[in-house]
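The values are calculated or read from the model by the stated rules, or taken from the named source; none is laboratory data. Note that the structure is a prediction, hence the values are computed from the model and not measured. Positions of Cβ are generated from backbone atoms using ideal geometry, with glycine treated the same way; all protein chains shown enter the neighbour counts.
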Amino acid sequence: MNNLTKRIVIVGGGAGGAELATRLGNTLGKKKLAQITLIDANRTHIWKPRLHEVAAGMLDAGSNELSYVAHAHQHNFRFILGKMCGVNRDEKHLLLSSLEEDNEEILPARTIDYDILIIAVGSQTNDFGTKGAKEHCIYLDKREAAEAFHHSFLNVYLKASQAGSNSDEVFNIAIVGAGATGVELAAELDHTAHQLVHYGFDGIKPENVKITIVEAGPKVMPALSDKTSVAIRRQLESLDIQILTGQMVTEVTAEGLHTKDGKFIPARLKVWSAGVKSWDFLAEIEGLESNHIHQLIVKPTLQTSNDETIFAMGDCCSCTLQGSEKPLPPRAQTANQQATFLAKQIAAFINHQPLNDFVYKDKGSLISLSKAGSVGSIMGNLSKDFTFEGRMARLFYISLYRLHQATLHGWFNTALLILRDRINKRTGPKMKLH
Ligand SMILES: Cc1cc2nc3c(=O)[nH]c(=O)nc-3n(C[C@H](O)[C@H](O)[C@H](O)COP(=O)(O)OP(=O)(O)OC[C@H]3O[C@@H](n4cnc5c(N)ncnc54)[C@H](O)[C@@H]3O)c2cc1C
């Protein structure tokens, strides 16, 4: 088969998939060496590690989203709006479910043919089936959820503003999980509580916003070293954020959280950010191997274990490299490094060249604790664990997002976007107030 006819289909335009589609579009697509298609269930892309900022009102998702259609047009690939629900490996086509909006079918169920398929559909929150979690918690894994949280948060202030600054109303917020999402959200919400007073929302005093993080494990940021975990905990406690470790949540009600030890944590708003799992439909693809959280098992080449024409990357795959016992962590930097790797790997594959094994470089984990408490941050596994905090760390944290933007838009356009953000910050409100 001529390379011209090669149909490379990427499903999921997130932290990894959007970068891969851009890289392949700029190379194979531009030279017309292959037809590159990106499919996503949403019309726009927003970088997931910033969702806690959207939830806290510190980032306007609308002005930081990327239109897939426009981006595809500029980078020599085509975009199809659709939700993948399966694959027919014999026929080499994937299945998209019908798209409905307001009870109207916008697009019918369809099939899309591929020669090479790259699955990059990410993950979702795992509540481990905890009673009441689905009904009463917000899962911060989608833009809509982050925006819904922001509205609920503002509504509490709107109601309280009737009482004015004499009110002693207490606003309890509980976050399940002391991983990156929970920790960053808690710090950002504390910052928001202080900002809102400046805009006249003085019905709830910042000191009356009681944020509690509940973690089943023995420490905050369980994946990081004790030293960095302690540094983060210290910063959070300096913001008066309560941290309960070693407490497993067994039930969520409208009033709050119940733990295995019999504790009750009252909460008006509840966020579940304690674990991840991938999508059920991945486990149902005939012939492909998946694990207990429905991630596809891939070889170090990132090909699925039983089908060399189907690759998977990012949060939706489980990749254990040689010499390691644990699979790679579901992180933005894993997805980002795999996108860079796959751009070359796919080119080698269509040219029938030998494939390489993916090499993961842990560049450490940076945790943004917002401006209110400066930033606690970590660079792990350079030569040894190295903890650093403050302005420098904040700069490194922001640079992760800027690197993602640079892959998508190039450095010149990223510089313009940085300038635009600075102008907006200077001229507009410090946070989203609607
Ligand atoms: C609030 C928050 C904070 C985080 N902070 C950090 C951090 O500080 N550092 C870090 O390294 N990581 C962080 N993460 C994790 C990081 O966001 C993920 O590891 C990363 O986004 C994974 O990239 P991905 O490309 O695999 O998936 P995603 O970025 O999740 O993209 C998946 C894409 O697939 C699309 N999709 C899903 N299902 C379908 C379907 N059926 N059909 C078509 N399209 C579909 C989605 O719309 C999405 O565009 C954070 C995550 C959250 C939620």
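So here's what we get for this one:
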| read-out | value |
| --- | --- |
| Test result for I175, within 12 Å of the ligand (Cβ to nearest atom) and in the same structural domain as K142 (by TED's automatic domain parsing) | yes |
| Residues of the range 222-257 satisfying the condition of being part of a strand (DSSP E or B) and crowded, with 18+ Cβ neighbours inside 10 Å | I243, L244, V249, V252, G256, L257 |
| Output for the range 1-35, where each listed residue is β-branched (V, I, T) and either modelled with pLDDT under 95 or within 12 Å of A347 (Cα to Cα) (or both) | T5, I8, T27 |
| Residues (among the hydroxyl-bearing types (S, T, Y) and under 19 Å from P218 (Cα atoms)) located in the range 245-275 | T245, T250, T259, S273 |
| Identity of the residue in the range 23-45, of a type in the set (A, V, I, L, M, F, W, C) and touching a Lys or Arg at 6+ places or on another chain (Cβ under 9 Å), that ends up nearest to the ligand (Cβ to nearest atom) | A41 |
| Single unsatisfied condition, R268 versus (1) within 16 Å of T125 (Cβ to Cβ); (2) out of contact with any Lys or Arg (no Cβ under 9 Å at 6 or more places or on another chain) | (1) |
| Unique residue being within 17 Å of the chain's Cα centre (by Cα) and assigned by TED's automatic domain parsing to the domain that holds Y114 when the list is Q338, Q322, Q345 | Q338 |
| Some residue of the range 70-90 being farther than 23 Å from A21 by Cα and either touching a strand residue (DSSP E or B) at 6+ places or on another chain (Cβ under 6 Å) or free of Cβ contacts under 8 Å to residues at least 40 places away in the same chain (or both) | yes |
| Wholly enclosed strands (runs of 3 or more DSSP E) of the range 258-341 bearing at least 2 residues crowded, with 22+ Cβ neighbours inside 10 Å | 269-272, 296-298, 307-312, 317-319 |
| Matching residues in the range 146-205 - criterion: being surrounded by fewer than 18 Cβ atoms within 10 Å (Cβ to Cβ) and in contact with a Leu (Cβ under 7 Å, 6 or more places away or on another chain) | S152, Y199 |
| Exclusive hit being buried (at least 16 other Cβ atoms within 10 Å of the Cβ), more than 30 Å from G29 (Cβ to Cβ), modelled with pLDDT under 95 and within 15 Å of the ligand (Cβ to nearest atom), set S374, S368 | S368 |
| Residue in the range 182-192 that is part of a loop (DSSP other than H, G, I, E, B) and either modelled with pLDDT under 95 or farther than 26 Å from L328 by Cβ (or both) present | no |
| Search result, residues across the range 268-286 that are more than 9 Å from the ligand (Cβ to nearest atom) and out of contact with any helix residue (DSSP H, G or I) (no Cβ under 9 Å at 6 or more places or on another chain) | G275, K277, D280, A283, E284, I285, E286 |
| Cβ-Cβ under 8 Å pairs, at least 6 apart or on other chains, the range 142-163 side closer than 17 Å to V209 by Cα, far side in a helix (DSSP H, G or I) | F149/A55; H150/V54; H150/A55; F153/A55; F153/L189; F153/T192; Y157/L196 |
| Any chance D357 is surrounded by fewer than 17 Cβ atoms within 10 Å (Cβ to Cβ) and modelled with pLDDT of 90 or more | yes |
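Let's see how each residue does on (1) under 25 Å from A133 (Cβ atoms); (2) in contact (Cβ under 8 Å) with a residue 24 or more places away in the chain; (3) more than 10 Å from the ligand (Cβ to nearest atom):
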{"residue": "P329", "(1), (2), (3)": "yes, yes, no"}
{"residue": "L342", "(1), (2), (3)": "no, yes, yes"}
{"residue": "F349", "(1), (2), (3)": "no, yes, yes"}
{"residue": "Q353", "(1), (2), (3)": "no, no, yes"}
